[in-house]
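Worksheet: one structure, shown below.
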Amino acid sequence: MYNFIRKNLIFVILSLYFVLALILLFYVEGTGERGSGDSILHYLYAKYAINDIKLFFNHWAKPIYVLLAFPFAQFGIKGLMFFNIVLSLFTVYFTYKTAISLQLKNAIVSAIILICTPLYFTLLFSGLTEPLFAFVLIITTYLFINKRWIFGALLLSFLPFVRSEGLIFIGVFAFYLMLKKHWKYIPLLGVGHVFYAITGYFIYHDFLWIFNRIPYAKLSSTYGRGRLIHFVDQLYYVVGLPIYLLLCLGIFVIVFNAIKKKTNLFSEMFVLIFGGFLIYFVAHSLFWYLGIFNSMGLKRVLIAVAPFIAIISIMGLNTITEIQWIKNSIIKTIILWIFIIAIVLFPVSGNKAGINWNEDFSLTKEQHLAKEVADYIAVNQTKKSYFYYNPYLSEVFNINHFDADLRKELRFSAIDSASTGDIIIWDSWFSFIENGISEETIVSQPSLQVEKSFKFKEEDKEIGFVILRKK
């Protein structure tokens, strides 16, 4: 039995992990990332794409994500969570296989690190695109390391249609191919863009829609800007203390070896994994610092490179377990197990960087209010058109978020065309922050009558909804 487990340890780990994730899936009530609007909106795009082909070609929703996720979304938000869980099984497995391909000792620990990265595990229970991005990225990397250039380049070419940052990695991998003088494979990196330029032409009648409709292609941000080291701080809250320390040590070792010329600067480890992680990290740091590309400074973007973080962390771990002055193999094994136990236990330690089971997997106060709004309208209103921005309302109303006959975005131009009795719902985030409509402005409209407010206070801020009706 011991020998069987030892030989199949990765599959034992994946099986235990899968069972744990399925049990949690049964109990989870939230929509991911503590009620993220992006999470529920991605879910709605996937759910209703079957009713409108245009949703398969929406740049914000991400075409590849919608294409792969829409069958699962038909089973509700938990269907998407199951989709992410299945993806993560392959992501963990190929992270481990990539570490083996790089001939790293303790490769199995890379799987444990990825599974126990608090935010990675949390985001599996969402409709966000980061888990799919991590999945495609690590498989692409594995294919490149194993010299399967054609399949790797073709798969990578579609990564920008999972998340726009895929363009960064097309650049990184193209540079690697140039270093290796594999020029003939570089054109394959454009296949994804050519495919979607042609297929999307029948929707937008514009071959350049793949560039013209990128929602982040602007040198400004609705959400402001922040410190240059913002993501250095936030990284701790993504991976937790044990992995953070190993990652920092791994980065130091890689840089030190490069300076001392002890590593091959053309290697897959240095160019693809370390270089890819570093360029991605620096890029997002600059986006937030400069306030460009509509960056919000969200720490969750680092989950897209979680497999790379796990592999670099192994470099740090191996540095500790292979300290030359420690000759005793038993002591080395004890050190290894101390780190493994710390990595496994940290997410449930109660630390702020760990998993908050009550908040991370429950509905937010705002979502509970949205349910109250739905209950109130169900009792007090006849069937009318809705005007609102908050995507979670579409879920609690159980209506197609993209059906203009049922729901329109909350804009004054749209309200002017509303019929008597139509319902307008203002909310304190999407209507105000995203669309610039303040509560004072909308309640003062002479054509609208305020019916009821649902609010609560959080850190001296009033959060909630206001229901209005067209006179």
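Structure data summary
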| quantity | calculated |
| --- | --- |
| Pairs with Cβ under 8 Å, 6+ apart, first in region 256-273 and farther than 15 Å from Thr319 by Cβ, second surrounded by 12 or more Cβ atoms within 10 Å (Cβ to Cβ) and charged (D, E, K, R) | Phe266/Lys180 |
| From Ala107, Ala69, residue being surrounded by 24 or more Cβ atoms within 10 Å (Cβ to Cβ), of a type in the set (A, V, I, L, M, F, W, C) and touching a helix residue (DSSP H, G or I) at 6+ places or on another chain (Cβ under 6 Å) | Ala69 |
| All positions within region 419-471 that are of a type outside the set (A, V, I, L, M, F, W, C), closer than 16 Å to Glu409 by Cβ and under 33 Å from the mean Cα position of the chain (by Cα) | Asp427, Ser431, Glu434, Asn435, Gly436 |
| Extreme residue, farthest from Val344 (Cα to Cα), among residues of region 5-35 that are surrounded by fewer than 21 Cβ atoms within 10 Å (Cβ to Cβ) and hydroxyl-bearing (Ser, Thr, Tyr) | Tyr27 |
| Residue among Leu104, Leu68 that alone is assigned by TED's automatic domain parsing to the domain that holds Val239, touching a residue at least 24 places away in the same chain (Cβ under 8 Å) and part of a helix (DSSP H, G or I) | Leu68 |
| Unmet criterion (only one of (1) small (Gly, Ala, Ser); (2) within 19 Å of Asp233 (Cα to Cα); (3) out of contact with any Leu (no Cβ under 8 Å at 6 or more places or on another chain)) for Gly275 | (2) |
| Single residue of Ala404, Ala418 found to be assigned to a loop (DSSP other than H, G, I, E, B) and surrounded by 20 or more Cβ atoms within 10 Å (Cβ to Cβ) | Ala418 |
| Residues satisfying the stated conditions in region 222-272, i.e. of a type in the set (Ser, Thr, Tyr) and assigned to a helix (DSSP H, G or I) | Tyr236, Tyr237, Tyr244 |
| Boolean, Lys54 is in contact (Cβ under 8 Å) with a residue 24 or more places away in the chain and not hydroxyl-bearing (Ser, Thr, Tyr) | yes |
| Residue within region 276-285 that is in contact (Cβ under 8 Å) with a residue 40 or more places away in the chain, part of a helix (DSSP H, G or I), in the same structural domain as Thr141 (by TED's automatic domain parsing) and surrounded by fewer than 19 Cβ atoms within 10 Å (Cβ to Cβ) present | yes |
| Failed condition for Ser164, given (1) more than 21 Å from the chain's Cα centre (by Cα); (2) at pLDDT below 95 | (1) |
| Neighbours by Cβ (under 7 Å, 6+ apart or cross-chain): first from region 438-449, in the same structural domain as Ser419 (by TED's automatic domain parsing) and charged (D, E, K, R); second assigned to a helix (DSSP H, G or I) and at pLDDT 90 or above | none |
| Options Lys352, Lys327, Lys371: the member that is basic (Lys, Arg), touching a residue at least 12 places away in the same chain (Cβ under 8 Å) and outside any helix (DSSP H, G or I) | Lys352 |
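The values are calculated or read from the model by the stated rules, or taken from the named source; none is laboratory data. Because the structure is predicted, anything quoted here is derived from the model rather than measured. Every residue, glycine among them, receives a Cβ derived from its backbone with ideal geometry; neighbour counts consider all protein chains shown.
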